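The values are calculated or read from the model by the stated rules, or taken from the named source; none is laboratory data. Just so it is clear, the model here is predicted, and its values are computed rather than measured. When we count neighbours, we look across all protein chains shown, and the Cβ atoms used for this are built from the backbone with ideal geometry, even at glycine.
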Amino acid sequence: MRLTLRTMLAYLDNILEQEDAEALGAKISESEFASDLVYRTLSSTRKANLNAPALDGAGIGADPNTVAEYLDNTLPEERIPGFEKVCLESDMYLSEVACCHSVLSICMDEPVTIENNMRDRVLGLVQDSITKTEELETQKSIRSTGLENLIQPKPAGAPDYIRTKAHPLWRATVTLTFVCLMAIIVLRAVGPFDASHPWIGTLVTGSAEQEQSEAIVDPVEQESVDAADQSQNQPVQPFQTVAASENVNVVGTELAEVDVVTSTPVPSPLIDGSAYAEFLSDSHPVMQVAGDSFQRLVTGDQLGIGETLFSFQEFRPEFLLMDGSKLSLSDATRFSTYVVHEQMLGIQMEYGKLVLKSGDTPAYQFRLQAGDIELDLRLDGPRAIAALECVPYRDAVGAVGRMVRLVFNQNVTVSGLEELNQNAAASDLSSEKVTAYTVYAGNTEVTKLDALPTWGSASNTDSIMQEARQAYIQELAGSDDLVMQLQQLYEGHRLINVRRLAAYSLLELGDSSAFVGLLDDGDYRALWDDDIRLMKSFIHREPVNQQQIETALQDYSSDNVGQLISFLGQFSDDQLLNGVANDMIGHLDSQITVERVIAFNCLQQITGKTLLYKPEVSPQRQTLPIRQWRELLSENRVTNHTESLVNTLIPK
């Protein structure tokens, strides 16, 4: 059997014979392109924010009739290559074809039950159609006897109300308007409408002189006239003398021009405990740590130096600094501030993503600290922007570290980067590209990127997530017990993305049960890969977080919790081949969904392969993918698909 897009869809929907399915599965495993296409197909069908083609679309890929003909194997041979090319280049069309094929496959396997009411309605419509047809035939026979001659045909051409001529006054108005417009265009072509115009210059000059002469009035006379007018309406007040300054000319009518010098206001110096920024909008929640508890900020709250703040996953709160610059957080981020000196603000990053964008006249400088990394920044000009990302991780020997990446454009001056200064001659620092400075586990990389990361340049504009965030904020408005309200959202809200946001928020607030519950429900499978990355980062922040995840996993897998936690680290190729990969593949046969999800997603992030394994499906129905994983292990091919730790922890 040939490997085509149609046969691949049939293989994924399990409608092939056993022999054909095994042969096609072997071909897919041998072809890297086919494996990637299968992964794209499965991923695109799970994306909740992926658009669908319009029902009245046109073109070889957007026409519903073309899709139907292709799935029904009736599309002409010469049109099939073009159609498949459109599907391969667009996830939207690929997802549409795959979903349509899945629906048709289900309809073929499962019998369709027709209710009696529906059957009676269809039969009634047919009977009505027959009755109307008989009536039309009867009327036609009557007309054929000569009655149709009594009907006079309407005259050909336009009706009378269209052929009626326009009123003469309307025609004259249109003609006059056209003539005036043409005259204005001609006059403007000769010259500007001022005194220099050769034709109407004298008219403009005369009118201007007349207006000026009317405007010049003796100030003494004008004052007396005003006084007379006021005396008629107001009682007489006692006369008071006012002493005039010697340097003031009270008779002259001309005043000397005074140059007004405006200076840029300098923000107040930074002092411990003083306010350094203002929270712009509580549509993106931010929590402030207050001892052992926390409280939520509202719009307009002043942020004091020394406070610790943290944000939630999928949100992007913004703060306006006193010098007009903006500080933005992206996803789950925690930081605190301190004073370096009166014009330098220190920011201590524990984890997350932070963006600094200068205002029109930036005045503050910044010292960014993340782990052992310390960098000083100065925003030069209104276009300066810098993005800092801090990712905790556990390396191959079990040591916990932090990968820090600073990305900035040419309008930012960074001090303390010896490696960057050494490479300044080799790299064009004045180019439009941005500079990425990455430090991790004793390594330093200085590279050039085409643009800032997506999270650093713009907020998430996905319409589905915007709706989820709005619903999330509305549900939290006026809530006294934030944790209880989030638990209610997770358990009962109708939108799946709102329930996901509630689970993310509870994780940051110290309750991991809802987050681990996401991995046990197939409805959330579209983002399991991102959830595992978030779990890795969370447990590596501090030991108490790992204890929280272990406690939550006890409800699902009490015997293998320690081994599952160990999978959430970085491993060398030797470690993978000496037992770690075998343990992960062994969990693919588990009857517990959480174990399959963690083991498979760790394998996928390590190798970059899926082999058509689906962790949400029972392992009894996935004997072929599991066998392929074991064959891959026997060939010593379960190794890291990238040698760069940066690409592993900070995917593009």
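Miscellaneous remarks
- Any hit, segment 299-310, residues being in a loop (DSSP other than H, G, I, E, B), β-branched (Val, Ile, Thr) and buried (at least 16 other Cβ atoms within 10 Å of the Cβ): yes
- Pick from segment 333-342, criterion touching a residue at least 24 places away in the same chain (Cβ under 8 Å) and out of contact with any Phe, Trp or Tyr (no Cβ under 6 Å at 6 or more places or on another chain), ranking: nearest to ASP376 (Cα to Cα): VAL340
Each row is one residue, and each column tells you yes or no for (1) at pLDDT 85 or above; (2) buried (at least 17 other Cβ atoms within 10 Å of the Cβ); (3) polar (S, T, N, Q).
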{"site": "ARG383", "(1), (2), (3)": "yes, no, no"}
{"site": "ASP395", "(1), (2), (3)": "no, no, no"}
{"site": "ARG402", "(1), (2), (3)": "yes, yes, no"}
{"site": "LEU406", "(1), (2), (3)": "yes, yes, no"}
{"site": "GLN410", "(1), (2), (3)": "yes, yes, yes"}
{"site": "GLU418", "(1), (2), (3)": "no, no, no"}
{"site": "ALA441", "(1), (2), (3)": "no, no, no"}
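- Residue-level check: of (1) in contact with a Pro (Cβ under 9 Å, 6 or more places away or on another chain); (2) among the charged types (D, E, K, R); (3) surrounded by fewer than 17 Cβ atoms within 10 Å (Cβ to Cβ), ARG596 misses just (3).
- Within segment 487-501, the residues that satisfy the criterion of being under 23 Å from the mean Cα position of the chain (by Cα) and part of a helix (DSSP H, G or I) are LEU489, TYR490, ILE496, ASN497, VAL498, ARG499, ARG500, LEU501.
- Just so you know, in segment 491-534 the residues that are of a type in the set (A, V, I, L, M), over 22 Å from GLN295 (Cα atoms) and touching a residue at least 40 places away in the same chain (Cβ under 8 Å) include one that is surrounded by the fewest Cβ atoms within 10 Å (Cβ to Cβ), and it is ILE496.
- Among residues of segment 22-53, those that are free of Cβ contacts under 8 Å to residues at least 12 places away in the same chain and either under 15 Å from PRO625 (Cβ atoms) or not assigned by TED's automatic domain parsing to the domain that holds LEU71 (or both), counted: 2
- If the condition is being in contact (Cβ under 8 Å) with a residue 60 or more places away in the chain, in a loop (DSSP other than H, G, I, E, B) and surrounded by 19 or more Cβ atoms within 10 Å (Cβ to Cβ), then segment 563-588 contributes LEU568, GLY569, GLN570, PHE571.
- Selected residue (criterion: modelled with the highest pLDDT) from residues of segment 105-138 that are hydrophobic (A, V, I, L, M, F, W, C) and closer than 30 Å to ARG6 by Cβ: ILE106
- The lone exception for ARG541 - which of (1) touching a helix residue (DSSP H, G or I) at 6+ places or on another chain (Cβ under 9 Å); (2) in a loop (DSSP other than H, G, I, E, B) it fails: (1)
- Residue in segment 506-525 that is outside the structural domain of LYS614 (by TED's automatic domain parsing) and touching a His at 6+ places or on another chain (Cβ under 9 Å) present: no
- Remark: ASN73 matches the filter, which requires a residue to be over 27 Å from GLU631 (Cβ atoms), in contact (Cβ under 8 Å) with a residue 60 or more places away in the chain and not in a helix (DSSP H, G or I).
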